[in-house]
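**Student:** Pasting in a structure now, in structure tokens, and then I'll have a few things to ask.
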Amino acid sequence: MQLVDLSELKEFIPPSTKVYFSQHLTSKVKDYRQKIRTTLFDTIKSSEHFSSKDDLLDLTKLPSHPLFNISISHCPKASGFALIDKNSLIGLDIEDVQRPNDKLIQRISSAREIKETPFPQRLLSAKESAWKAVHQRHSITTISQIETLSWKQATQNWSSYKISFNGQSLNGNGFISEQSGIYISFYISDSTFA
């Protein structure tokens, strides 16, 4: 796994935000889920913040750590994970750019979203990462309940967006970039980054 360069986003995201990405460890690799978890464990173990192996490697549970919130994503062409301090929530989605088709986008998005989003094919990944970050806090059951808003070109390589649920804007920021034919999208929800 390689650390994704987020330096362009430093003014928009908490300094603890880390996103790791690999096009070698994919959902086509045997035991990929365990290998992603092992890489996650090794990454955290190599920092000064050690964690119990069971909290990160047990595939029957969501990965947990006393100092970080964690999100994992994988698809047939790539995988990755994101870490952020416990004061924030993070959701990560990694998606092949060829997966989202018009029928899928129309099923999960409102007509307003499709019209107002500069790249409608990015809606699936944007909504998926946002859902991962906020669904438990807001009892959101499907990604179609999330609406994206305020799309902007945040930097040369990253677009940003906000989300709403039941007509109310939620606190947080989402970011999405296309890298090597893969969408990397993450959403951060936290009280200090409105």
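**Student:** Based on DSSP loop calls and a cut-off of at most 15 other Cβ atoms within 10 Å, the longest stretch of the chain free of exposed GluC sites (Glu not before Pro) is what?
**Tutor:** Answer from the scan: 49-194.
**Student:** Mind pulling the angle between the C-alpha long axis of helix 32-45 and the longest principal axis of the chain? Nearest 10 degrees, somewhere in 0 to 90.
**Tutor:** Long axis of 32-45 versus the principal axis of the chain: about 70 degrees.
**Student:** If I take every Cα pair under 8 Å that is 6 or more residues apart in segment 85-194, average their sequence separation and divide by the length, what percent do I get for the relative contact order?
**Tutor:** Across segment 85-194, relative contact order equals 32 percent.
**Student:** Still on this structure, please answer the following. Which of GLN136, LEU57, ILE105 sits closest to the plus end of the dipole of the chain, meaning its Cα is farthest towards the positive end, when Lys and Arg get +1 and Asp and Glu get -1 on the C-beta?
**Tutor:** ILE105
**Student:** Here is a further query. Leaving out ligands and nucleic acids, and using a 1.4 Å probe, what accessible area per residue does segment 79-168 come to in Å²?
**Tutor:** 49 Å²
**Student:** Continuing with the same structure: Given H placed on each backbone N at 1.01 Å, which residues far from ALA78 in sequence or on other chains put an amide H within less than 5 Å of it?
**Tutor:** Residues meeting the criterion, in which the H sits 1.01 Å from N, are SER27.
**Student:** Within the chain, what whole-number % of the accessible surface is contributed by carbon and sulfur, with the 1.4 Å probe and all protein chains included in the calculation?
**Tutor:** That share works out to 48 percent.
**Student:** Turning to a different aspect of this structure: As a test of the formula, what do you get for the chain when each DSSP H run with n ≥ 4 contributes -39,500 (n - 2.57) and the sum is divided by the residue count, at 222 nm and rounded to the nearest 500 deg cm²/dmol?
**Tutor:** -7000 deg cm²/dmol
**Student:** Any idea what angle helix 123-138 forms with the longest principal axis of the chain, computed on alpha-carbon atoms, 0 to 90 degrees, nearest 10?
**Tutor:** On a 0 to 90 degree scale, this one is about 70.
**Student:** Select one label from (i) 11.1; (ii) 12.0; (iii) 10.6: the one whose number is mean projected area of the Cα convex hull in nm² as derived from the coordinates shown.
**Tutor:** Of the labelled values, this structure produces (iii).
**Student:** Distance check, please: which entries in LYS103/LYS162; LYS28/LYS162; LYS35/LYS127 exceed 29 angstrom between their Cα atoms?
**Tutor:** Distance filter (> 29 Å) returns LYS28/LYS162.
**Student:** Any idea what the dipole of the chain comes to, in debye rounded to 20, about its Cα centre with Lys/Arg Cβ at +1 and Asp/Glu Cβ at -1?
**Tutor:** Rounded to the nearest 20 debye, it is 420 debye.
**Student:** Could you calculate the contour length gain from LEU3 to LYS86, that is, 0.36 nm times the residue separation minus the distance between their Cα atoms, to one decimal place in nm?
**Tutor:** 27.9 nm
The values are calculated or read from the model by the stated rules, or taken from the named source; none is laboratory data. Predicted model only: the values in this text are computed from it and were never measured. Backbone-built Cβ (ideal geometry, glycine too); neighbour counts: all protein chains shown. Only protein heavy atoms, including side chains, enter the accessible area calculation; ligands, DNA and RNA are left aside. Shrake-Rupley method; radii C 1.70, N 1.55, O 1.52, S 1.80 Å.
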